[in-house]
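Please read the structure below before turning to the comments.
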């Protein structure tokens with residue numbers, strides 16, 4: 001479920017000209033990511049009750065930090081909530097976030113954004129058309145689950161995002177061993193009209209691919225294109241695989257696992273879910289009508305053999321800890337599961353997981369930060385995806401008259417763009433337009449752009 | 001002896017209150033008796049005695065305080081006492097006037113219990129207005145109507161002192177596993193159920209008498225048009241006509257079928273439909289299974305009758321059915337609906353059917369109506385849960401670690417509830433088997449031969465509150481020829497079946513009476 005709200009009326013976005021005052025409650029991974037992405041253009045105040053974290057942030061980012069309880073009015077006042085335009089409550093505690101928003105509303109007209117884990121608050125908020133003094137709510141469990149489900153819909157994908165109402169797809173693929181695409185040049189592999197190879201992530205570098213760039217095993221490939229072409233390319237990358245992972249086994253009964261199962265059920269699939277605790281298994285079985293819940297230890301080889309878990313198309317590890325998820329994923333690969341997707345709570349582990357053979361690692365905090373940043377991004381940005389834990393972003397921008405792209409062929413304007421920026425796709429009046437050198441961008445077009453994080457602000461400001 | 005932990009005085013006191021108020025219903029036949037000039041002393045005396053018994057019992061505990069245990073006792077005793085008190089008109093009619101099989105206490109109790117439990121099995125030797133007064137035959141119909149929606153439910157609806165423990169009382173009495181509270185106040189729920197019940201009864205009366213006025217039902221005079229709805233809606237089956245519904249035209253038979261179906265439906269569904277949720281009918285698993293079973297059985301029986309294999313005796317001896325589509329369909333639908341809902345009417349003597357058709361009806365006696373309906377037997381919802389949990393057993397045999405809750409229309413059925421359903425179904429079958437053996441032995445003892453099939457059908461028909469069985473206890477005959485001991489056993493079975501075994505059986509456990 002993607003949530004799209006109109007930009008808040010009291011925030012005047014205009015090509016980065018106006019600075020808004022943002023108060024962020026919670027300086028954890030989510031709060032810090034958001035602060036980092038907003039600091040350049042806005043006045044950011046971060047509140048956290050952990051002195052050390054506050055201290056760290058003061059030196060690493062150009063933001064004002066306050067140590068205190070973000071749910072108390074006095075701390076919010078100290079942060080200047082009366083003059084703030086935006087409050088983002090992103091602590092790890094759902095109730096604190098909601099109370100912080102409600103408290104802020106008593107003293108200010110700021111637009112409030114709350115991060116929650118549990119989907120029940122999201123359900124209430126949606127059913128009531130807004131509640132708790134929260135203007136926008138983001139559920140990290142749901143977002144992580146959505147990301148996982150998108151990823152397993154595409155073979156070899158590590159991240160998938162959709163833009164322009166589903167007409168454009170961005171996918172991040174790992175090039176697996178033995179892939180027919182490995183060793184070929186980009187020009188060779190690109191037999192598609194509606195697909196752009198936006199970037200190659202190789203070790204710590206970002207390579208903007210040219211026709212002669214050779215694709216190697218272990219590379220990460222970012223492509224932007226029509227959903228059909230992206231899917232076909234995924235098939236090229238890993239031939240012989242069932243395109244749609246239909247036989248899904250979820251290991252672990254966390255709330256994210258429940259959301260994944262629910263989303264798969266909505267697609268008409270019948271996933272299997274393995275949970276160790278019998279009482280929790282029973283509870284899940286009652287909540288998930290179309291999921292076969294099994295009460296067992298997922299590391300029990302006899303059990304895995306008996307249930308033929310090795311024959312599954314995808315195993316999703318969503319246990320309580322990163323270590324267990326890693327173990328479960330590796331065990332699944334060992335017994336022959338084609339793809340594994342693991343939930344990773346610690347964002348730094350994402351690359352590590354993928355390096356040791358986990359098909360894709362999904363971090364709920366990344367997904368949450370992405371959703372909130374998408375919402376606060378300055379300018380005409382409609383949508384954003386974070387690539388490879390904040391090394392790069394993919395943006396969807398609506399072109400207005402001031403844009404440097406407007407009315408010019410791409411070949412001309414490309415020279416004025418910063419390096420390591422790729423225009424991946426254009427949609428015009430709801431149809432897909434493949435960007436070529438001679439394509440003239442028109443006002444009203446939606447352009448999907450790949451850009452490295454350090455040039456994002458410049459790109460967003462000029463396009 | 002350890003001290004009793006059940007305040008039986010409180011239970012008995014409340015039974016007295018119920019009996020006292022219930023005596024008012026005897027005024028209806030009294031008015032009829034006065035206007036027809038027959039049996040007036042019978043009902044005047046019956047009224048006086050019943051009020052006396054009610055008041056006397058009430059004296060046992062003038063301020064009853066009902067706990068959970070007393071509730072069970074009160075419900076079980078209410079039904080027993082009401083059946084006993086209900087014998088009064090039969091006994092007095094025999095005392096004051098003409099000769100009647102019902103003058104014997106065992107027969108009177110059998111008839112009274114069969115009435116209140118909406119069974120419809122009769123030991124009335126000669127059912128006709130020539131032998132019995134209008135008032136007496138109307139009383140017989142009325143006992144079924146009172147028993148249909150439940151005497152305790154009626155008491156909860158009317159008596160304010162039952163409002164607190166009412167839900168538990170209704171639970172012990174109402175058919176099916178657990179009651180559905182429709183409104184926050186239980187008395188309001190009870191009133192809603194009784195009003196719906198009354199509404200259906202009045203509509204059916206209007207339709208039947210309308211048919212008569214329109215000339216489509218010559219025999220359905222005013223007395224019959226009032227009498228039959230009183231036993232259709234409680235799925236009772238008594239009729240003041242010896243030939244049951246065979247005595248009436250095809251139009252009458254077609255009209256009665258949907259009312260029997262409605263009587264076997266969960267009344268809560270009607271309440272939801274009236275509250276703007278008619279789609280509940282489509283969503284309800286039990287209702288879908290119920291209509292499905294009726295549809296399939298009707299189609300099979302109709303086909304058997306149509307081609308003639310369903311007719312056991314000389315085809316010339318039965319009404320035209322073979323090769324007649326409308327007749328075959330009508331008689332099949334009527335009998336199937338009547339047996340599945342446990343009404344017990346007959347549009348023809350199904351004793352004349354062949355073994356395959358008869359066996360279908362015998363097994364249909366175990367199906368029963370829906371939970372929350374007025375029907376008896378095991379009930380559709382229990383069968384659905386049993387089948388679903390059996391399917392789960394097969395699944396977990398292959399996947400031992402699988403945790404799969406049994407769902408009923410999206411709702412999870414608790415494991416405790418499933419256990420209760422298994423226990424009930426098993427007990428039902430145990431009582432059926434044991435009682436069948438007892439009946440066979442008892443009838444053999446006096447040299448009155450019944451076949452095993454007939455004994456089985458008689459037990460299934462009384463335990464399931466169906467009414468007519470096969471052979472001598474067939475729809476056009478009576479249970480009169482069974483030995484008295486068998487009749488007492490069947491009376492017990494009817495009581496047990498109406499209260500769904502457990503509330504009665506729990507009274508027989510020592511743990512109930514002590515700490």
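Bear in mind these aren't lab numbers, they're just calculated from the coordinates by the rules spelled out. Fair warning: this is a prediction, and the values are worked out from it, not measured in the lab. Because the Cβ atoms are built from the backbone with ideal geometry, glycine has one as well, and the counts that use them run over all protein chains shown.
Taking every DSSP beta bridge with both residues inside chain A, roughly what % is antiparallel (nearest 5)? Don't skip to the end; give the middle numbers.
Numbers: 46 of 85 bridges.
Once the DSSP bridges in chain A are tallied, antiparallel ones form about 55 percent.
Can you sort B:43, B:200 so the residue with the fewest Cβ neighbours within 10 Å comes first? List each step's numbers first, then the result.
Numbers: B:43 26, B:200 18.
Taking fewest neighbouring Cβ atoms as first place, the list is B:200, B:43.
Count, for each residue of B:412-420, the Cβ atoms from other chains sitting within 10 Å of its Cβ, then give me the mean as a whole number. Don't skip to the answer; put the middle values down first.
Values: counts 5, 0, 1, 1, 0, 0, 0, 0, 0.
For peptide B:412-420, the averaged partner shielding equals 1.
Using a 7 Å offset from the Cα along the Cα-to-Cβ direction at both residue B:8 and residue B:446, what is the distance between the two label points in nm, to one decimal?
With each label point 7 Å from Cα toward Cβ, the separation is 3.0 nm.
Calculated FRET efficiency, residue A:411 and residue A:109, Cβ-Cβ r, R0 51 Å, to nearest 0.05? Don't skip to the answer; put the middle values down first.
Details: r = 46 Å, r/R0 = 0.91.
So the FRET efficiency works out to roughly 0.65.
Per-residue counts of other Cβ atoms within 10 Å, averaged by peptide: what ranking do you get for A:129-141, B:369-381, A:159-171, B:19-31, highest first? Numbers along the way, then the final one.
Working: A:129-141: 20.4, B:369-381: 27.8, A:159-171: 22.0, B:19-31: 18.6.
Answer by packing, highest mean first, reads B:369-381, A:159-171, A:129-141, B:19-31.
Using Cβ contacts closer than 10 Å as the measure, can you line up A:270, B:212 from fewest to most? Walk me through the numbers before you get to the answer.
Working: A:270 15, B:212 21.
With the sparsest Cβ surroundings first, the list reads A:270, B:212.
Modelling each spin label as a point 7 Å along the Cα-to-Cβ direction, I'd like the residue B:213/residue B:293 distance in nm, to one decimal.
Reported label-point gap for residue B:213 and residue B:293 is 3.8 nm.
How much length is gained if the chain between residue B:484 and residue B:242 is pulled fully straight, taking 0.36 nm per residue apart and subtracting their Cα-Cα distance, in nm to one decimal? Could the numbers behind the result be given before it?
Details: separation 242, 0.36 × 242 = 87.12 nm, distance 2.23 nm.
Stretched out fully, the residue B:484 to residue B:242 stretch lengthens by 84.9 nm.
In deg cm²/dmol and to the nearest 500, what is the mean residue ellipticity at 222 nm of chain B if only DSSP H runs of at least 4 residues count, each as -39500 (n - 2.57), divided by the residue total?
On the way: 24 runs with 315 residues, N = 515.
Taking each H run of at least 4 residues, the total per residue is -19500 deg cm²/dmol.
So for the protein assembly as shown: antiparallel DSSP bridges make up what percent, rounded to the nearest 5? The partial results should precede the final answer.
Details: 52 of 91 bridges.
Antiparallel: roughly 55 percent of the beta bridges in the protein assembly as shown.
Can you give the Rg/Rh ratio of chain B, where Rg is from the C-alpha atoms and Rh is the Kirkwood radius?
On the way: Rg = 22.3 Å, Rh = 23.3 Å.
Radius of gyration relative to Kirkwood radius: 0.96.
Using Cβ counts within 10 Å as a stand-in for footprinting exposure, how do B:90, B:512, B:428 rank, fewest first? Don't jump to the answer; show the numbers that get you there.
On the way: B:90 30, B:512 14, B:428 22.
Listing B:90, B:512, B:428 from fewest to most nearby Cβ atoms yields B:512, B:428, B:90.
Report the extension gain between residue B:433 and residue B:279 in nm, rounded to one decimal, defined as 0.36 nm multiplied by the number of residues separating them, less their alpha carbon distance. The partial results should precede the final answer.
On the way: separation 154, 0.36 × 154 = 55.44 nm, distance 4.03 nm.
Stretched fully, the residue B:433-residue B:279 segment lengthens by 51.4 nm.
What percent does the relative contact order of chain A come to when contacts are Cα pairs within less than 8 Å and at least six residues apart?
Working: 1033 pairs, mean separation 57.2, N = 463.
Once normalised by length, the contact order is 12 percent.
For residue A:184 and residue A:62, FRET efficiency with R0 = 30 Å and r from the beta-carbon atoms, rounded to 0.05?
On the way: r = 44 Å, r/R0 = 1.47.
So, using R0 = 30 Å, E works out to roughly 0.10.
Need one value for B:391-403: mean number of C-beta atoms belonging to other chains within 10 Å of its residues' C-beta atoms.
Numbers: counts 0, 0, 0, 0, 1, 1, 0, 2, 6, 6, 14, 9, 16.
Counting Cβ atoms of other protein chains within 10 Å of each residue's Cβ and averaging gives 4.
Looking at the calculated P(r) for the stretch B:436-482, what percent of the C-alpha pair distances fall above 14 Å?
When every Cα pair of the stretch B:436-482 is considered, 42 percent fall beyond 14 Å.
For the ranges A:58-69, B:481-492, what's the packing order if you count other beta-carbon atoms within 10 Å of each residue, average per peptide, and put the highest first?
Packing order, densest peptide first, comes out as B:481-492, A:58-69.
With all distinct Cα pairs included, what does the Kirkwood hydrodynamic radius of the stretch A:381-462 come out to in Å, to one decimal, could you say? Mind dumping the intermediate values first?
Numbers: mean 1/r = 0.0790 Å⁻¹.
Every distinct Cα pair counted, the radius reaches 12.7 Å.
Sort the following peptides by mean Cβ neighbour count (other Cβ atoms within 10 Å, averaged over residues), highest first: B:52-61, B:6-15.
On the way: B:52-61: 16.8, B:6-15: 21.2.
Highest mean packing first, the order is B:6-15, B:52-61.
Obtain the nm distance between the two label points defined at residue B:326 and residue A:431 by a simple spin-label model: each point lies 7 Å from its Cα along the Cα-to-C-beta direction.
Result: 6.5 nm between the two label points.
Given a Förster radius of 56 Å and the C-beta distance between residue A:402 and residue A:217 as r, what FRET efficiency does 1/(1 + (r/R0)^6) yield to the nearest 0.05? Intermediate values should be presented prior to the final figure.
Details: r = 44 Å, r/R0 = 0.78.
Efficiency at R0 = 56 Å is approximately 0.80.
Which length gain, in nm to one decimal place, applies between residue A:270 and residue A:191 when the Cα-Cα distance is subtracted from 0.36 nm times their residue separation? The partial results should precede the final answer.
Details: separation 79, 0.36 × 79 = 28.44 nm, distance 3.50 nm.
Contour length minus the Cα-Cα distance gives 24.9 nm.
I need to check one value: relative contact order of the stretch A:381-462, counting alpha carbon pairs closer than 8 Å and at least 6 residues apart, in percent. Could you put the intermediate results ahead of the total?
Details: 151 pairs, mean separation 31.1, N = 82.
Once divided by the residue count of the stretch A:381-462, the mean separation gives 38 percent.
Dividing the Cα radius of gyration by the Kirkwood radius, what Rg/Rh value follows for the stretch A:153-237? Mind showing how you got there, number by number?
On the way: Rg = 11.7 Å, Rh = 12.6 Å.
That ratio is 0.93, to two decimals.
How many times 2.2 N^0.38 Å is the alpha carbon radius of gyration of chain A?
0.98
Note down, for the protein assembly as shown, the three equivalent ellipsoid semi-axes (square root of 5 times each alpha carbon gyration tensor eigenvalue), biggest first, whole angstrom. The partial results should precede the final answer.
Details: eigenvalues 1153, 200, 136 Å².
In descending order the semi-axes read 76, 32, 26 Å.
When only alpha-carbon atoms are used, what values of Rg and Dmax, in angstrom, describe the stretch A:21-134?
According to the Cα coordinates of the stretch A:21-134, Rg and Dmax are 13.1, 42 Å.
Looking at the stretch A:21-134, what % of its DSSP beta bridges pair antiparallel, to the nearest 5? Let's see the in-between values first.
Numbers: 1 of 18 bridges.
Looking only at bridges with both residues in the stretch A:21-134, the antiparallel portion is about 5 percent.
Considering every residue in A:288-298, what mean count of other chain Cβ atoms within 10 Å of its Cβ is obtained?
Working: counts 1, 5, 0, 1, 6, 5, 7, 4, 5, 1, 0.
Neighbouring Cβ atoms belonging to other protein chains average 3 per residue here.
Stokes-Einstein at 20 °C, 1.002 mPa s, Kirkwood radius from Cα pairs: D for the stretch A:248-337 in µm² s⁻¹?
Details: Rh = 12.7 Å.
Taking Rh from Cα pairs, D becomes 168 µm²/s.
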